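The values are calculated or read from the model by the stated rules, or taken from the named source; none is laboratory data. No experiment lies behind these values; they were computed from the predicted model shown. Cβ placement follows ideal geometry from the backbone for every residue including glycine, while neighbour counts extend to all protein chains displayed. To get the accessible areas, we keep the full protein, side chains included, count just its heavy atoms, and leave off ligands, DNA and RNA. Shrake-Rupley method; radii C 1.70, N 1.55, O 1.52, S 1.80 Å.
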Amino acid sequence: QVQLVESGGGLVQPGGSLRLSCSASGRSTFTIYTMGWYRQSPGKQREVVAVVRSGEMPNYGDSVSGRFTVSTDNTKNTVSLQMSSLKPEDTAVYYCYVGAPCSDFVNTCDYWGQGTQVTVSS
């Protein structure tokens, strides 16, 4: 299993910046396949913000490409999201995501953080 602890988030003015961080722990962290961030606004489906598959370049959602940067530290099992040029439409609950082995170490499971609120408003 994997436990995820998020930090960051809060209130920021339009055009501002914010950084989210997520730390993963647990037995399954020895083999992490994917790390990244998703977000969900009220009344909308959860959408991908940025994901990084092991050994590949990051993939970004169209609405954040060029403004957000995701980074991972495989030695510490952390994933961070640097958000710049924030817009009111970026307001959402942001969830850390990890794809890693399930407790049976056979199947792959999706692990989610508890979510952190990001509000972009003047």
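Please determine, by comparing only the residues of the stretch 24-34 that are in contact (Cβ under 8 Å) with a residue 12 or more places away in the chain and open to solvent by 50 Å² or more (accessible area, probe 1.4 Å), which one is farthest from the chain's Cα centre (by Cα).
Among residues in the stretch 24-34 that are in contact (Cβ under 8 Å) with a residue 12 or more places away in the chain and open to solvent by 50 Å² or more (accessible area, probe 1.4 Å), the one farthest from the chain's Cα centre (by Cα) is 27.
For the stretch 10-67, which strands (runs of 3 or more DSSP E) that fit wholly inside it have 1 or more residues that are of a type in the set (Phe, Trp, Tyr) and farther than 12 Å from residue 90 by Cα?
Fully inside the stretch 10-67 and qualifying: 34-40.
Among the hydroxyl-bearing types (Ser, Thr, Tyr), open to solvent by less than 30 Å² (accessible area, probe 1.4 Å) and under 26 Å from residue 28 (Cβ atoms): which single residue out of 80, 71, 103 fits that description?
The unique qualifying residue is 80.
Restricting to the stretch 68-112, what's the tally of residues that are in a strand (DSSP E or B), modelled with pLDDT of 95 or more and among the hydrophobic types (A, V, I, L, M, F, W, C)?
Number satisfying all stated conditions: 10.
Please find, among 112, 37, the residue that is under 25 Å from residue 3 (Cβ atoms), open to solvent by less than 20 Å² (accessible area, probe 1.4 Å) and under 11 Å from the mean Cα position of the chain (by Cα).
Exactly one residue qualifies, and that residue is 37.
Report, ordered by the first and then the second residue, all pairs with beta carbons closer than 7 Å, sequence separation of six or more or different chains, a first member in the stretch 57-74 that is among the charged types (D, E, K, R), and a second member that is at pLDDT 95 or above and open to solvent by 50 Å² or more (accessible area, probe 1.4 Å).
Final answer for the pair search is 67/85.
May I ask you to verify whether residue 17 is hydroxyl-bearing (Ser, Thr, Tyr), touching a helix residue (DSSP H, G or I) at 6+ places or on another chain (Cβ under 8 Å) and either more than 23 Å from residue 2 (Cβ to Cβ) or free of Cβ contacts under 8 Å to residues at least 12 places away in the same chain (or both)? Walk me through how you get there before you give the answer.
Working: hydroxyl-bearing (Ser, Thr, Tyr): yes; touching a helix residue (DSSP H, G or I) at 6+ places or on another chain (Cβ under 8 Å): no; either more than 23 Å from residue 2 (Cβ to Cβ) or free of Cβ contacts under 8 Å to residues at least 12 places away in the same chain (or both): yes.
When the stated conditions are applied, residue 17 does not pass them.
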